Amino acid sequence: GNNQGRGATNGEKLLRSIQEEIDRDHEGFDPRSFKPQNPLSIGKYHKTWLEQIEVTNKTMRDYKTAITKHVITHPKFGADKDIRKIRRADLVSLQKSLKETLTIKGCYNVMGALKSMIRWAYSNEEIKHVPSFPKMSMGEPPEIEYLTLEQQEQILTHISVEDVPIFRFAMEYGVRVGEIRALKPDAIKDGRVHIKRAFSENELRERTKTGDRRNPELTPYAKDILGSRKRLGDFVFVRADGKPYTNKNLNKIWHEAEKKSGIKIKLYNAIRHSLGCQLLDEGNDLFLVQEVLGHSRPDMTKRYAKRTAQKIGQILSMRRATCGRTAVEKTNVTNGNN
């Protein structure tokens, strides 16, 4: 009798909850949320979201980790939390706790993943509005490390004749590592290089990381590089076995050359970041660098303009060094003491 009484009480509570939701929002009432396994709960819904979005494998893993390891485990959320009932207070609480355990960038990435899921739910008409997210920031970006042309050459001299073309070509255009790996012969035509594909890890995608397509003209230097290749295959640059380079291949070759040259820098910085900074150091404006690198927003390019106090001092010193006289000598000339 007691069990039946409790059952009736639970049934009555459920009916009241359903009626309250209907009264609050008759048109938006969704009976799915009252099922034992609510498909609109974060625990269920994030799986549906990940199955339907089109992102790289790495982004997919990052999103999944963000939701399962950091969002669902938070007291304000949990696997049973209905995505329609996420409020700003919940988001503020989540962000505050993330700041205690993750880096600024890590916190930004988790909040960004949750925001992407909620926005997708909104566009899919699962929820009526996107809750107001607290201000998110990646913090002050570190100064970009880069190489001068001379430093690039110092490292490249320690890479074999067979492997060096892919590095030289990538440096000429500042392309991403995944883009240079994915370059096929059909992308070299009409005197241009068409950057339209990219590898995400070892998955070839018919688009670049940001979806942009760039087609700069082939420079004389680039033409020489293409003519110097020792290997031919389905891709412009291939390994000894005729297959495209992997990210692991290129980084291994690069690290060995780093050690021999005595210059330590990440491959991405040595290629893409270096071209952007070199162009700025040569006096080119930010808009040109944005066009060359294919940045979608000007603020992405502005990072390349940031310099340390030491670098600024070096640049200022070089302006005077070419004049051939010190400040004291110039003062004496002005006073007629020379």
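Return the residues of the stretch 142-153 that are assigned to a loop (DSSP other than H, G, I, E, B) and open to solvent by 50 Å² or more (accessible area, probe 1.4 Å); say none if nothing qualifies.
Pro142, Glu143, Glu145
Search the stretch 66-93 for residues being out of contact with any strand residue (DSSP E or B) (no Cβ under 8 Å at 6 or more places or on another chain), touching a residue at least 40 places away in the same chain (Cβ under 8 Å) and among the aliphatic types (A, V, I, L, M), and hand back the single one that is most open to solvent (accessible area, probe 1.4 Å).
If we take residues in the stretch 66-93 being out of contact with any strand residue (DSSP E or B) (no Cβ under 8 Å at 6 or more places or on another chain), touching a residue at least 40 places away in the same chain (Cβ under 8 Å) and among the aliphatic types (A, V, I, L, M), then Val92 is most open to solvent (accessible area, probe 1.4 Å).
Within the stretch 109-132, can one find any residue that is within 30 Å of Arg168 (Cβ to Cβ), assigned to a helix (DSSP H, G or I) and open to solvent by less than 100 Å² (accessible area, probe 1.4 Å)?
no
Only one of (1) open to solvent by less than 20 Å² (accessible area, probe 1.4 Å); (2) among the β-branched types (Val, Ile, Thr); (3) modelled with pLDDT of 95 or more fails for Thr219. Which number is that?
Condition not satisfied by Thr219: (1).
Evaluate the stretch 191-205: report whether one residue or more is in contact with a Pro (Cβ under 9 Å, 6 or more places away or on another chain), surrounded by 14 or more Cβ atoms within 10 Å (Cβ to Cβ), assigned to a loop (DSSP other than H, G, I, E, B) and charged (D, E, K, R).
No, the stretch 191-205 contains no residue that is in contact with a Pro (Cβ under 9 Å, 6 or more places away or on another chain), surrounded by 14 or more Cβ atoms within 10 Å (Cβ to Cβ), assigned to a loop (DSSP other than H, G, I, E, B) and charged (D, E, K, R).
Identify the residue in the stretch 164-190 that is buried (at least 20 other Cβ atoms within 10 Å of the Cβ) and not in a helix (DSSP H, G or I) and, among all such residues, is nearest to the chain's Cα centre (by Cα).
Across the stretch 164-190, the extreme among qualifying residues is Arg176.
For the condition within 28 Å of the chain's Cα centre (by Cα), open to solvent by less than 90 Å² (accessible area, probe 1.4 Å), more than 22 Å from Lys184 (Cβ to Cβ) and among the β-branched types (Val, Ile, Thr), what is the one hit in Ile253, Ile265?
Ile265
The values are calculated or read from the model by the stated rules, or taken from the named source; none is laboratory data. Just so it is clear, the structure is predicted and the values come from calculations on it, not from any experiment. Ideal geometry is used to build each Cβ from the backbone, glycine not excepted, and the neighbour counts take in all protein chains shown. The protein model used for the area step is the full one, side chains on, heavy atoms only, and it has no ligands, DNA or RNA in it. Shrake-Rupley method; radii C 1.70, N 1.55, O 1.52, S 1.80 Å.
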